[in-house]
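The values are calculated or read from the model by the stated rules, or taken from the named source; none is laboratory data. Here the structure is a predicted model, which is why all the values come from computation and not from measurement. With ideal geometry, Cβ positions are generated from the backbone for all residues, glycine too; neighbour counts draw on all protein chains shown. Calculation scope for accessible area: heavy atoms of the full protein, side chains included, ligands and nucleic acids excluded. Shrake-Rupley method; radii C 1.70, N 1.55, O 1.52, S 1.80 Å.
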Amino acid sequence: MANSFGSISMMGNAMRAYQSALEVTGHNIANVNTLGYSRQRIGYSSVQGHLVSAGANSFITGNGVTISGVRRAREFLTEQAMRQSTSDLSQFETLANSLSSIEGIFPEPGPNGIGEALSKFFDSWSALASNPNDPGAKILVQTAGLTLTSRVREAFSALSSRESDFTTQIATTFDRVDVLSDQIASLNQEIASKKASGAEPNDLMDLRDSALQELSSLIDIRTNDLADGTISVQTGNFVLVHGLTSQKIPRSYDASTQTLSSGGLSSVVGGGSLLGLMQSLNKATTYQGNLDELANNLRTQINTIHQSGQTKSGATGVNFFNDANPQTGAVNFSLSIEVAASVDNIVVNSTGKDGDGGLALALSRLRDASITNLGGKSFKGYYGQFVAGVGADSNYARGQLNTEAAVSASIEARRQSESGVNLDEEMSNMLRFQRSYQAAAQALKVMDEVTEQLVNMLR
């Protein structure tokens with residue numbers, strides 16, 4: 001409109017545009033501490049001008065400003081990197097915490113560990129070999145055997161408890177994944193509806209990104225933007241969200257291979273606390289197998305020699321440890337009923353002669369014997385390597401956790417610089433928009449006065 005009334009309209013539009021800018025700036029300041037909020041920026045575009053004729057000349061004048069949109073400050077690649085980093089960090093945080101708790105089951109070296117119990121057990125046989133007729137020496141053997149079997153069972157039981165905890169946490173994680181998938185699908189529906197009406201639902205998209213961030217901490221995910229503003233979410237070969245619909249994550253899993261399966265389709269879990277929990281569960285099961293090997297071989301080796309000797313009453317074929325058939329490992333590792341009932345059933349020789357401690361000596365020498373089923377290691381050597389492995393696994397997880405924490409902090413700093421609210425910048429913007437608003441208001445006042453004078457002249 002090439003007239004004074006058009007100029008008044010143009011300045012009115014400018015004031016409304018700068019008022020909107022002040023509102024967006026205020027919204028940013030209000031959400032400076034809101035987790036997951038992305039600062040918003042108002043966009044302007046010049047309104048297409050109109051042709052004005054002045055005698056033989058023609059020219060185009062502008063029609064002011066209009067709001068082109070309000071957009072979030074988000075960088076796609078940074079968001080993708082942050083989700084991957086969150087997934088890796090959560091995996092190793094879960095694994096490190098789990099292995100640290102398992103490491104506490106084996107207080108080695110120390111007076112309360114299985115290693116010390118093994119040493120005292122073989123020491124007691126050596127002492128009995130030196131004093132085969134001493135009832136006190138037999139009591140020491142019985143006590144050392146009780147201590148050893150008790151500590152092996154307790155360690156196995158503690159690992160079983162950890163296994164149960166990890167299994168429960170995996171089930172809880174599955175449930176949370178489903179909740180977040182439903183939430184993302186619901187937000188997809190709201191976002192698609194807003195976009196269809198021409199609006200830009202920035203706050204809803206922030207909520208969806210926050211849900212995606214939490215989901216990435218649970219399991220590795222990939223996302224794809226769809227044409228209607230919705231997204232699809234996939235983990236491995238399984239689709240969790242597609243547009244307005246969500247699907248439950250498969251509950252069938254194999255912790256040893258860290259895979260999910262459903263309907264003949266399987267997929268490796270690539271990250272998140274779910275992977276950390278599966279790795280923890282697999283480690284606990286492996287460690288139980290190590291204790292089973294130790295207990296079963298102690299049974300076999302000790303009982304084989306002990307059965308060949310005579311008790312005080314002349315009985316033969318008496319086991320020192322309970323002989324489970326088939327052997328079930330550490331879970332029921334204990335003294336035999338006979339030895340637990342009386343120290344007189346502990347053998348020291350195969351001749352029945354007083355002063356003969358030959359079998360007790362042979363049993364004491366098993367301390368350093370190479371056991372084929374233990375990879376050629378001694379009992380102490382096998383257990384020592386096992387405990388060292390537990391410590392190495394825990395140290396590796398902590399090292400990876402520290403590395404991922406540093407990577408995550410770096411990406412988060414970059415994301416904050418791109419998307420976070422800077423109060424100094426917002427205050428500067430507020431002053432700029434305020435001055436722009438005041439200038440537009442002053443221009444409107446001048447144009448109003450000019451128009452009023454023109455109207456008066458025409459009267």
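Count the lysine pairs in the chain whose Cα atoms sit under 16 Å apart, keeping only pairs 8 or more residues apart in sequence or on different chains.
4
List the relative contact order of the chain as a percent without decimals, with contacts defined as Cα pairs under 8 Å and 6+ residues apart.
Across the chain, relative contact order equals 24 percent.
Take Asn373, project a point 7 Å from its Cα along the Cβ direction, then tell me which residues of the stretch 296-314 have their backbone nitrogen under 18 Å from it.
296-308
Calculate the FRET efficiency for Ser45 and Glu75 from the Cβ-Cβ distance with a Förster distance of 22 Å, rounded to the nearest 0.05.
Given R0 = 22 Å and the Cβ-Cβ separation, E is 0.45.
Share of Cα-Cα pairs in the stretch 185-228 beyond 16 Å, in percent?
Counting pairs separated by more than 16 Å, the tail of P(r) holds 38 percent.
Using the basic label-point model (7 angstrom from Cα toward the beta carbon), what is the Thr328 to Glu103 distance in nanometres?
3.3
At 7 Å along Cα-to-Cβ for each site, give me the label-to-label distance between Thr316 and Asn224 in nm.
7.7
Which FRET efficiency value, to the nearest 0.05, is calculated for Gln434 and Thr259 with the Förster distance at 60 angstrom and r the Cβ-Cβ distance?
0.50
Write down the accessible area per residue of the stretch 347-459 in Å², having rolled a 1.4 Å probe over the full set of protein chains.
Here the residues of the stretch 347-459 average 60 Å² of exposed surface.
Once the piece of chain linking Ser160 and Asn237 is laid out straight, how much longer is it, given 0.36 nm per residue of separation minus the C-alpha distance between them?
24.6 nm
Sort out for me the Cα centre separation of the stretch 133-210 from the stretch 215-259, rounded to whole Å.
19
Full extension from Thr34 to Ser150: what is 0.36 nm times the residue separation minus their Cα-Cα distance, to one decimal in nm?
In short, 36.5 nm is gained.
Just to be sure I follow: if Rg is taken over the C-alpha atoms of the stretch 83-196 and Rh is the Kirkwood radius over the same atoms, what is Rg/Rh?
1.39
When the accessible area of the stretch 150-278 is computed with all protein chains present and a 1.4 Å probe, what percentage of it is carbon and sulfur?
48
From the list (1) 152; (2) 366; (3) 183, can you say which value of volume of the Cα convex hull per residue in Å³ was derived from the structure given?
Correct label is (3).
What is the list of residues in the stretch 19-44 whose amide nitrogen lies under 20 Å from a point 7 angstrom out from the Cα of Ser417, following Cα to Cβ?
36-41
In nm, give the distance between the simple-model label positions of Arg251 and Ser197, each being 7 Å from the Cα along the Cα-to-Cβ direction.
Distance between label points: 3.9 nm.
Express in nm, to one decimal, how much length is gained between Asn131 and Val446 on full extension, taking 0.36 nm for each residue of separation and deducting their alpha carbon distance.
Taking Asn131 through Val446 to full extension adds about 101.7 nm, to one decimal.
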